[in-house]
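J.: Take a look at this one; I'll ask things after.
The values are calculated or read from the model by the stated rules, or taken from the named source; none is laboratory data. Remember, it's a predicted structure, so these values are computed and weren't measured experimentally. Please note: Cβ atoms are built from the backbone with ideal geometry, for glycine as well, and neighbour counts cover all protein chains shown. Remember, those area values only see protein heavy atoms, side chains included, never the ligands or the DNA or RNA. Shrake-Rupley method; radii C 1.70, N 1.55, O 1.52, S 1.80 Å.
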Amino acid sequence: MVVAPYVSVHNLLRQFRAALLFKKSTGWRHFPDWLARNAWHSIPVAAGAVGMGCIGFGTHAVWEVTEACNLRCRHCHATSSTASPDELDTREGFHLLEQIAGLRGFQMLAFSGGEPLVRKDIDDLLAYSKKQGLVNVIATNGTLIDYARAKALKELGVKGVAVSFDSTDPAIHNHIRQSPTAFERAMRGIEACRRAGMVIQLNYTAMKENIRTLPEVVRFAHEIHADIMLCYQLVPMGRGGAIAASALSPEENRALMCTVRALQKNAITIVEPVAGPQYWSHLLDRDHTDPKKLIRKSAFHGCAAGWGLIYVKPQGDVWPCPFVPISGGNIRNMALKDIHRGSDIFCKLSNRDNLKGKCGECENRHICGGCRGKAYAACGDALEADPTCYLHYQAMPEYLAWMQTGTPAQGS
């Protein structure tokens, strides 16, 4: 196994232990195949992060480099269209990259958007990020990547690409992406990045419009030997607020967790839910007397908002999660480390004893934590209970109205 120098032996062993626990909890039959074919390059991309949880690796930063995008996807958590005039410029971007590289534990950076590849100085930013020792990942819709571009990105230090992929049915994918050629071009991008030798991640967003195609998407991920698949759920914010009625109900959330676990058994790709942290409690079979619970607590982290994720917006505001639109500060006038360690929202979310309602009372809060984005979308309070938690939703009738009407409480 080739291990990058930034991956300590201690962290490597912790990652391996998390994978073993994941295997046992899911009945993952392809663990030996994953170990032989995928682990050698996917573990180094984790860049020292340990454990498993929401939005993949436990600890990493995401920079939404631009609001510009070449698509107008129905479920986008932003309202991406054209670049904002007050986005961080190249010099400010370099300074941000220096600060991220200086944060302990934050060694992998995902460049997101909008569509990051439409930003004119993206290559300069990637090159500087590589120079700072960061592991670059591009979160993209895949439509702008051919083989030549994939090779160029790899030379710029891009170790992996996370391609948005909402269905194996071209009509469904194109409908969600609002483009008649989105599927064809995304498939081209995925194949180009595979040929270039990058880590492949698929980002799928589960909603009523495409949930029936989930098994086919996981099968496709398995067939192309994708390293990871993030199974997002629609969180009604940004452009996605207009289709809030397509969000999953608590019962559909339960069904999704059961389906993902069942599909994992026969897939080489690691499938991790996003905005569904109940999955990590689900893997314990709801056996609250499990003697390995404390061991699994160190490997399964659930929601990453506030402790394991830094999300930087195009104008420099720093959010705890792309679905929690609360700024802890702006890097134009605050140091990133001070925002992460000292801002009110980050401090509150990093301590799950601050959670309210059923999430605050739940003994699985340190493994799950509930989706803070859904809590905010439902009632405007990121510390409130997750409205789609199927373990407790019958005791939360005040939140069910959100699911029944399809309208977030704050109207966004």
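J.: On the protein heavy atoms, probe 1.4 angstrom, tell me the percent of accessible surface of segment 169-283 carried by carbon and sulfur.
T.: Details: 1970 of 3680 Å².
Of the solvent-accessible surface of segment 169-283, carbon and sulfur hold 54 percent.
J.: With a 1.4 Å probe and all protein chains kept in place, how do W63, W319 rank by accessible area, largest first? Kindly include the intermediate steps, with their values, before the conclusion.
T.: Values: W63 0, W319 35 Å².
From most accessible down to least: W319, W63.
J.: Ignoring ligands, DNA and RNA, what percent of the 1.4 Å accessible area of segment 23-134 is carbon and sulfur?
T.: Numbers: 2250 of 4380 Å².
Taking all protein chains in place, segment 23-134 shows 52 percent carbon and sulfur surface.
J.: Next up: What are the residues whose amide H is under 5 Å from the amide H of V135, where those residues sit 5 or more places off or on another chain and H is modelled from the backbone?
T.: So V135 has HN proximity to M108, L109.
J.: What FRET efficiency comes out for L144 versus A36 if R0 is 25 angstrom and r is the Cβ-Cβ distance? Round to the nearest 0.05. Please report the intermediate quantities before stating the final value.
T.: Values: r = 33 Å, r/R0 = 1.30.
Efficiency for this residue pair is about 0.15.
J.: Enumerate the amide H contacts of V271 below 5 Å, restricted to partners 5 or more residues apart or on another chain; note that Pro and chain-start residues carry no placed amide H.
T.: M229
J.: Considering every Cα-Cα pair within segment 213-289, what fraction, in whole percent, is farther apart than 14 Å? If you can, show how the numbers build up before the last one.
T.: Values: 1873 of 2926 pairs.
More than 14 Å apart: 64 percent of the Cα pairs in segment 213-289.
J.: Along the charge dipole of the chain, which of G329, V65, S164 sits closest to the positive end, that is, farthest toward it, with unit charges on the beta carbon of Lys, Arg, Asp and Glu (+1, +1, -1, -1)?
T.: After comparing all options, I get S164.
J.: Percent relative contact order of segment 112-227, based on C-alpha pairs within less than 8 angstrom and at least six residues apart?
T.: 26 percent
J.: Sticking with this structure for a sec: Could you give the accessible area per residue of the chain, probe 1.4 Å, as a whole number in Å²? Don't skip to the end; give the middle numbers.
T.: Values: 15740 Å² over 412 residues.
Averaged over the residues of the chain, the accessible area is 38 Å².
J.: Can you compute the helix-only [θ] at 222 nm over the chain? Use -39500 (n - 2.57) per DSSP H run of at least 4 residues, normalise by all residues, nearest 500 deg cm²/dmol. Spell out each step's value before the answer.
T.: Details: 17 runs with 157 residues, N = 412.
Calculated at 222 nm, the ellipticity per residue is -11000 deg cm²/dmol.
J.: Stretch I224-A262 to full length: gain in nm at 0.36 nm per residue minus the Cα-Cα span?
T.: Numbers: separation 38, 0.36 × 38 = 13.68 nm, distance 1.93 nm.
Working it through step by step, the gained length comes to 11.7 nm.
J.: Treating only the Cα positions of the chain as identical point scatterers, give the base-10 log of I(q)/I(0) from the Debye formula at each q in 0.06, 0.13 Å⁻¹.
T.: For the chain at q = 0.06, 0.13 Å⁻¹, log10 I(q)/I(0) is -0.20, -1.12.
J.: Continuing with the same structure: List the equivalent ellipsoid semi-axes of segment 69-174 in whole Å, largest first, each obtained as the square root of 5λ for an eigenvalue λ of the Cα gyration tensor.
T.: Ellipsoid half-lengths, sorted descending, are 25, 17, 13 Å.
J.: Just flag the trypsin sites (Lys or Arg not before Pro) in segment 195-281 sitting in loop per DSSP whose Cβ has no more than 14 other Cβ atoms within 10 Å.
T.: Values: sites: R195, K208, R212, R219, R239, R254, R261, K265; in loops: K208, K265.
Within segment 195-281, the qualifying trypsin sites (Lys or Arg not before Pro) (loop, at most 14 other Cβ atoms within 10 Å) are K208, K265.
J.: Something else: With only Lys, Arg, Asp and Glu charged, each at its Cβ (+1 for the first two, -1 for the last two), find how big the charge dipole of segment 161-288 is about the Cα centre; round to the nearest 20 debye.
T.: Details: 13 positive and 13 negative charges, 41 e Å.
Rounded to the nearest 20 debye, it is 200 debye.
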